[in-house]
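In what follows, a single structure is set out as structure tokens and then discussed.
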Amino acid sequence: VVAEAQAPSLPGLLDRRLAIVTGKGGTGKTTVCAALARAAADRGLRVLVAEVGRDAQIPRLLAADAPPVGYAEQGIAPRITAIRIDPYAALAEYLGLQIGVPALVTRVVGNRGFRQLMEASPGWRELITLGKVWHLEQMRLEGRPKYDLIVVDAPATGHGVTFLDVPRVVASAVRAGPLRQHTEQVESLIADPKRSLLLPVALAEELPTRETIALVERVREALSIRVDRVIVNSVYERPFPQGLDDLDERLAALPAQGFEQLPETHVLGHCAHHLRARYELNERYVGEIEAGTGLPVIRLPYLKRGVRDANDIALLASRLLASPEGLA
Ligand SMILES: Nc1ncnc2c1ncn2[C@@H]1O[C@H](COP(=O)(O)OP(=O)(O)O)[C@@H](O)[C@H]1O
Ligand SMILES: [Mg+2]
């Protein structure tokens, strides 16, 4: 622990090759992935953003005119490429490469009986998906990595953690053979703190706070991937300038004349109290996350109008880049 604290400097968010974003559904994982991709591209990096499963929401968050994205890498904005990794598509590709008869493999993988068999088998989805990520990380273009940074929108926590538990998956699924060797390469990428990072996304609320602390604990105990900071999303910003502790008195002292268009002062006071209490509670949970995980927190602000388009993502990206914890 001491050696770690004295290490000259931790690789920054954007110095990794692989950032796996995780967290309970609804915390803002997908939003954060889009913002991280935007931030990396703004810094001149070539970034690949990968969604796992059936949904591809990130492209439209980054570009209004984004084309549909599937298993083929698809450019969606300058320096930003997207992909949606469907485990079955990844399996078909892998088996196709191994067996060398892609058409046959596609038929087998599309077969209902085969799918039923696979649905009942643990571990292969994670392994094959991470295998695809590894393959993408290995790709080179003009003598350097094709993608400087790969951002993965991991399945929701619970699955998000088992998702990364490659040694366990291997023990249960593959003991020998080509898949075994492949797996060791995947594990060495995941376990390399210079290349890979797990980025939990939390909310400053009671349950997400507890879950995030538990998540970080579990990752440290059981997984090889590094976790070195937490993103707390949708944080209320300070409602008033610091040092306005006497706001109530100031409101009460407003002269009656000249302020007729304002609500009555006790209404204003009530609103001010509500905003301050909400902010303070939020900050308390951020503090609990910092203390409970021992990790620095990157705050992303709550956007009142929601996250609608590329402009909102660009705003969150600029906050990621401005945050001292963001790049350090
Ligand atoms: N900082 C934010 N401010 C306001 N709304 C947000 C913010 N981050 C995310 N949201 C909204 O919260 C919802 C969940 O976000 P999403 O990124 O889809 O979460 P997840 O991928 O973890 O399920 C979405 O409607 C999204 O637009
Ligand atoms: Mg999502």
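The values are calculated or read from the model by the stated rules, or taken from the named source; none is laboratory data. Note that the structure is predicted; figures quoted are calculated from it, not measured. Cβ atoms come from the backbone with ideal geometry, glycine included; neighbour counts cover every protein chain shown. What goes into the accessible areas is simple: the full protein's heavy atoms, side chains included, and nothing from ligands, DNA or RNA. Shrake-Rupley method; radii C 1.70, N 1.55, O 1.52, S 1.80 Å.
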What number of lysine-lysine pairs in the chain show an alpha-carbon separation below 24 angstrom, given a sequence spacing of 8 or more or placement on distinct chains? 8
Take the Cβ-Cβ distance between Arg218 and Ser188 as r, set R0 to 30 Å, and report the resulting FRET efficiency rounded to the nearest 0.05. 0.90
Total charge dipole magnitude, the chain, about the Cα centre, Cβ charges on Lys, Arg, Asp, Glu only, Debye to nearest 20: 1340
So the FRET efficiency between Arg140 and Gln116, C-beta based with R0 = 45 Å and rounded to 0.05, is 0.70
Report, in deg cm²/dmol and to the nearest 500, the calculated mean residue ellipticity at 222 nm for the chain, where each DSSP H run with n ≥ 4 adds -39500 (n - 2.57) and the sum is divided by the residue count. -15000 deg cm²/dmol
Taking every other residue with Cβ under 9 Å from the Cβ of Tyr285 and scoring Lys and Arg +1, Asp and Glu -1, one gets -3
What base-10 log of the normalised intensity I(q)/I(0) is obtained for the chain from the Debye formula, alpha carbons as equal point scatterers, at q = 0.07, 0.09, 0.13, 0.15 Å⁻¹? -0.34, -0.54, -0.99, -1.25
Just add up the charged neighbours of Arg54: K/R +1, D/E -1, any other residue whose Cβ is under 10 Å from the Cβ of Arg54. -2
If each of Glu205 and Arg107 carries a label point 7 Å out from its Cα toward its Cβ, how far apart are those two points in nm? 5.1
Potential lengthening between Glu73 and Arg308 on full extension [0.36 nm per residue; Cα-Cα distance subtracted]: 82.2 nm
Relative to the longest principal axis of the C-alpha atoms of the chain, give the angle of the C-alpha long axis of helix 206-222, reported between 0 and 90° and rounded to the nearest 10°. 40
Leaving out ligands and nucleic acids, and using a 1.4 Å probe, what accessible area per residue does the chain come to in Å²? 51
Charge tally for neighbours of Arg144 with beta carbon under 14 Å away, counting Lys, Arg as +1 and Asp, Glu as -1, is +2
Distance in nm between pseudo-label sites at Arg238 and Arg250 (7 Å out along the Cβ direction from Cα): 1.3
